[in-house]
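**Q** Let me begin by handing over the structure; questions about it come next.
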Amino acid sequence: MASSLVSMPTQKHLFGQKRFEKTARKFSHGNSRGFSVTATLSRDPQISDVEVPVLAATTTMIRLPETVSSDPLSCRTRLRVSPDSLQYPPGFLGVVPDRSDCDSSVNGFDDVKDILSSKVYEVAVESPLQMVPKLSKKLGVDVWLKREDFQHVFSFKVRGAYNMMSKLPKEQLKKGVISSSAGNHAQGVALVANKLGCSVVIAMPITTQQIKREAVEALGATVVFVGDTFDEAQAYAKKRAIEEGRTFVPAFDHRDIIMGQGTVGVEIMRQMQDPLHAIFVPVGGGGLIAGIAAYVKRVFPQVKVIGVEPTDANSMALSLFHGERVILDQIGGFADGVAIKEVGEEPFRLCKELIDGVILVSRDLICASMKDMFEENRTILEPAGALAIAGAQAYCKYYGIKGENIVAVASGANINFDTLKTVAELANLGRKQEVVLATAMPEKPGIFKHFCKMVGSMNITEIKYRYNFNEKAVVLYSVGFDTDSDLEAMLERMESSQFRSVNFTENDLVKDHLRHMVGGQSKIENEVLCRFIFPDRPGALMKFLDFFSPRWNITSLHHRAQGETEANVLVGMQIPGDEMDEFHDHVNKLGYDYRVETNEDLQLLLY
């Protein structure tokens, strides 16, 4: 693998880079497609250019005919990859496209012209660009929010929908439009159809939350519920569009949609009076960032346009890495507004040509940013709406950016109230003000009291312990802390008492499931732990049980809602090693996304 000159942080930031190098080496030392993970920075006085080897991470993938894509009516070959196959530290600017052979002027003038001529303001408003003082002071930069949650449907989606639909001939409008969405796009299309006076059908998965259904129906749309997933709903919508002569309105993969979203970039540059370092944009299918970049990078090329994705929904980062669109084999649904397995063809083309890279952030960091916004101005954003803010914070901290102007697009505020429970649980973890620990100690009278003395003055926010008949007792607990030295001192006290402690703060399995299952431990022969993604609808559990019981004994189960249409389910089953191939065949026939858990530290909580 060749080396290249990239802008990298100074010595005080190298710890994070070394962590990334270690992560990258876990996957591979090369990439046959010649795409690399690099870091880029502005010309900041705190940052020096050094020559470093280009790091690359490759994925384990199988080429399969894939029908679950953004175009279900065609059978195309796509790489299926895992989100876990490409990870790097929060704030690290990765997957910067190699544009050595790219002519960014191609179609650039037409893009800018079409964005500037978009008549989105017949339904959209010019959303404010607001300074956030508390967050700005904390980071040492001026943070500005582009408040797209101020739109009539609380999301930017209405811009692209109107730009496309308003251009349809009257004869075509009379036939009506159809789209597929379980959220913001559906409301945008319904509002525009109401404005233009045409009929509209919205296909939604049957798992769609009632609040979303009612919001779309209130705008005059006919809602049809189809299948458990977005892909099934979209396949139905495209098929019905052909049968009835309706126009299918995609969520992101259409030039007019993208150019309509590009008006967000026009407004930002008009509203920002001072030099701007970077614009952070949430990425799902890629329509919003493609539109913003199509304008900003052509007119103000010095301004960085940076995408932000959840670590478990990184379809754009992986597509840029491989140099082609890929399909995620599974996807996290917490930030459901950007939970897209395959980015759009046109957005990907523009992003590969124009954007400055992609930052990945965890669910904890998203929750922390949601709490930051609530404390700043009592605003409750949806997870996807706070995604860019989380990315901007992580970027500034990772590279030590100071004194710059930073814009983050607050893309939406259509949140399911039940999601707030998860936000409350994880926000302080994301802020690094709390940790989740497990400590093992001898099981004997008085040991729990001694354990509490070792915790000392640390604030225990959650603790779970139950007497165990084995010689070993385990306590799972969360503690708040002010400084790293306070936490280190507590762990040293535990170690001096020969109490083994494991930090599970970054382990979603523990935070989602095992923290609720701590109790008397059992030694179960051939127990295998798996995480499944169930459609959140009646009958999903029984369908699962019909596939596996009584063939394999179920030893444990914990169900937790994930996003708005899915549930994250931890299942323990007794499966002898020589039956694992048969088990995998059963799971593939079931059709639920899953993974087998192999983290050895989990044994501390289970056995």
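**Q** Mind checking the full-extension length gain between ILE211 and ARG493? Use 0.36 nm per residue of separation minus the Cα-Cα distance, one decimal, nm.
**A** On the way: separation 282, 0.36 × 282 = 101.52 nm, distance 4.96 nm.
Extra length from ILE211 to ARG493 when fully extended: 96.6 nm.
**Q** Taking the Cα-to-Cβ direction at THR461 and at ASP546 and moving 7 Å from each Cα, how far apart do the two end points lie in nm?
**A** My value for the distance between the label points is 4.2 nm.
**Q** Now a separate question. Under a point-charge model restricted to the Cβ atoms of Lys and Arg (+1) and Asp and Glu (-1), what is the dipole moment magnitude of the stretch 121-253 relative to its Cα centre, in debye to the nearest 20?
**A** On the way: 18 positive and 14 negative charges, 60 e Å.
For this selection, approximately 280 debye.
**Q** Using each residue's phi in the stretch 257-266, evaluate 6.51 cos²θ - 1.76 cosθ + 1.60 at θ = phi - 60° and report the 3J(HN,Hα) Karplus result to the nearest Hz, with x for Gly and Pro.
**A** These are the phi-based 3J(HN,Hα) values: 4, 5, 5, x, 5, x, 5, 4, x, 4 Hz.
**Q** I need the trypsin sites (Lys or Arg not before Pro) found in the stretch 447-503, filtered to DSSP loop residues with at most 13 other beta carbons within 10 Å of theirs.
**A** On the way: sites: LYS449, LYS453, LYS464, ARG466, LYS472, ARG493, ARG500; in loops: ARG466.
Here the trypsin sites (Lys or Arg not before Pro) that fit, given the DSSP loop and packing criteria, are ARG466.
**Q** Let me ask you something else. Between ILE258, ILE340, ALA233, whose Cα lies farthest towards the positive end of the dipole of the stretch 187-343 when Lys and Arg beta carbons carry +1 and Asp and Glu beta carbons carry -1, centred on the Cα centre?
**A** Projecting each Cα onto the dipole axis, the largest value belongs to ILE258.
**Q** Another one. Work out the FRET efficiency for PHE448 and ASP274 from their Cβ-Cβ distance, taking R0 = 56 Å, and round it to the nearest 0.05. The partial results should precede the final answer.
**A** Values: r = 57 Å, r/R0 = 1.02.
According to the calculation, E is roughly 0.50.
**Q** At a probe size of 1.4 Å, how large is the accessible area of ASP356, to the nearest 10 Å²?
**A** Ignoring ligands and nucleic acids, ASP356 comes out at about 20 Å².
**Q** Please list, in order along the stretch 392-409, the HN-Hα scalar couplings obtained from phi with the Karplus expression 6.51 cos²θ - 1.76 cosθ + 1.60 (θ = phi - 60°), rounded to whole Hz, x for Gly and Pro.
**A** Along the stretch 392-409, the couplings run 4, 4, 5, 4, 4, 6, 5, 9, x, 5, 9, x, 9, 9, 10, 10, 10, 7 Hz.
**Q** Taking the Cα centre of each part, how many Å lie between the stretch 137-193 and the stretch 356-419?
**A** Each part's Cα centre sits 20 Å from the other's.
**Q** While we're on this one: How would TRP552, TRP144 line up by accessible area, probe 1.4 Å, largest first?
**A** Working: TRP552 5, TRP144 60 Å².
Largest accessible area first, the list is TRP144, TRP552.
**Q** While we're here: Can you list residues from other chains, or at least 5 along the same chain, whose modelled amide H is less than 5 Å from the amide H of ALA278?
**A** It is LYS304, VAL407, by chain and number.
**Q** Tell me, what ³J(HN,Hα) does each residue in the stretch 122-138 have, in order and in whole Hz, if you take phi through Karplus 6.51 cos²θ - 1.76 cosθ + 1.60 with θ = phi - 60° and put x for Gly and Pro?
**A** Karplus values, whole Hz, x for Gly and Pro: 6, 10, 8, 10, 6, 6, x, 9, 10, 6, 10, x, 5, 5, 4, 5, 5.
**Q** Okay, moving on. In the stretch 400-444, which trypsin sites (Lys or Arg not before Pro) fall in coil by DSSP and have 15 or fewer other Cβ atoms within 10 Å? Before the final figure, lay out the partial values.
**A** Numbers: sites: LYS402, LYS421, ARG431, LYS432; in loops: LYS402, ARG431, LYS432.
Sites meeting the loop and neighbour criteria: LYS402, LYS432.
**Q** While we're here: Check which residues have an amide H placed less than 5 Å from ARG431's amide H, if you skip close sequence neighbours.
**A** Close amide H contacts, sequence-distant or interchain: none at all.
**Q** Please give me the summed charge of the neighbours of PRO133: other residues whose Cβ is under 13 Å from its Cβ, Lys and Arg +1, Asp and Glu -1.
**A** Details: positive: LYS134, LYS137, LYS138; negative: ASP142, ASP372, GLU375, GLU376.
The answer is -1.
**Q** Here is a follow-up. Would you please give the residues with an amide H less than 5 Å from that of VAL479, counting only those at least 5 places away or on a separate chain, with H modeled from the backbone geometry?
**A** Amide H neighbours of VAL479, under 5 Å, 5+ apart: VAL435, LEU437, THR461.
**Q** Which order do you get for LYS341, LYS174 if you rank them by accessible area with a 1.4 Å probe, largest at the top?
**A** LYS174, LYS341
**Q** Separate question: Determine the relative contact order of the stretch 161-315: mean sequence separation of Cα pairs under 8 Å and six or more apart, normalised by residue count, in whole percent.
**A** Details: 259 pairs, mean separation 33.4, N = 155.
It rounds to 22 percent for the stretch 161-315.
**Q** Related question: Mind ranking GLU148, GLU214, GLU582 by accessible surface for me, highest first, 1.4 Å probe? Don't skip to the answer; put the middle values down first.
**A** Numbers: GLU148 0, GLU214 95, GLU582 65 Å².
My answer, sorted largest first, is GLU214, GLU582, GLU148.
**Q** Can you tell me how much longer the chain between THR598 and THR77 gets when fully stretched, taken as 0.36 nm per residue apart minus their C-alpha distance, in nm with one decimal? Can you show the working numbers first?
**A** Working: separation 521, 0.36 × 521 = 187.56 nm, distance 3.06 nm.
In short, 184.5 nm is gained.
**Q** Please identify the GluC sites (Glu not before Pro) of the stretch 427-490 that satisfy two criteria: DSSP loop assignment and at most 12 other Cβ atoms within 10 Å. Which are they?
**A** Filter output for the stretch 427-490: GLU471.
**Q** Sticking with this one: Not counting ligands, DNA or RNA, and with a 1.4 Å probe, what is ASP329's accessible surface area in Å² rounded to the nearest 10?
**A** 50 Å²
**Q** So, counting K/R as plus one and D/E as minus one, what does the shell of residues with Cβ under 12 Å around GLY94 add up to? List each step's numbers first, then the result.
**A** Numbers: positive: none; negative: GLU309, ASP356.
Once all neighbours under 12 Å are counted, the net charge is -2.
The values are calculated or read from the model by the stated rules, or taken from the named source; none is laboratory data. All figures in this text were calculated on a predicted structure; none of them were measured in a lab. Ideal geometry is used to build each Cβ from the backbone, glycine not excepted, and the neighbour counts take in all protein chains shown. Note: accessible area is taken over every heavy atom of the protein model, side chains too, but ligands, DNA and RNA are not part of it. Shrake-Rupley method; radii C 1.70, N 1.55, O 1.52, S 1.80 Å.
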